[in-house]
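Please read the structure below before turning to the comments.
What follows is calculated from the coordinates using simple rules that are stated; it is not laboratory data. Model, not experiment: these values are computed from the prediction. For neighbour counting, all protein chains shown are included, and Cβ atoms are generated from backbone atoms with ideal geometry for every residue, glycine included.
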């Protein structure tokens, strides 16, 4: 669905808030422009639909606690981008996934120790 379709569907169903998710494909992607975000916000305002929060599905593919430093750097860039998009949409809150100890639904995911995840998660937060 497009962002416009989501907003109109939410309105038709009686919702007064929508939480979009930044995903590789969909209504809100990392490639969204400021102008596109402004248009979504304007339409939400016109429909009286709040955009208070912004989630992200990007951490499932690039965790801030992945053993690979390159993947952790991608996670930092993704979170910074999520914050930027959230600001454009007027969101006050983001859904943030600080790290993963295990994720049985992600192929080839190697479980990490809690202690190591905690270290990487704290390091990561210094960058965003």
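The Cα-based radius of gyration of the chain, divided by its Kirkwood radius, gives an Rg/Rh of 1.03.
Each residue in 9, 41 was given a count of other beta-carbon atoms within 10 angstrom of its own, and listing them fewest first yields 9, 41. By the count of other C-beta atoms within 10 Å, a proxy for reagent exposure, 108, 23, 16 are ordered fewest to most as 108, 16, 23.
Considering the chain as a Gaussian network with a 10 Å cut-off on Cα pairs, which listed residue, 79, 63, 113, attains the greatest mean-square fluctuation? Maximum fluctuation in the GNM of the chain, among the listed residues, is at 113. Per residue of the chain, the DSSP helices (runs of n ≥ 4 H) give a summed -39500 (n - 2.57) that works out to -14500 deg cm²/dmol at 222 nm.
When both the range 86-112 and the range 22-71 are represented by their alpha-carbon centers, they are found 12 Å apart.
Using a Gaussian network model of the chain in which every pair of alpha carbons under 10 angstrom is joined by a spring, one finds that among 95, 58, 13 the greatest mean-square fluctuation is at 13.
For the chain, averaging the sequence separation of C-alpha pairs within contact (under 8 Å, six or more residues apart) and dividing by the residue count gives a relative contact order of 23 percent.
Counting only C-alpha contacts under 8 Å and six or more residues apart, can you give the relative contact order of the range 1-76 as a whole percent?
Working: 84 pairs, mean separation 23.8, N = 76.
So the answer I get is 31 percent.
Annotation: the residues 18, 101, sorted from fewest to most other C-beta atoms within 10 Å of their own C-beta, follow the order 101, 18.
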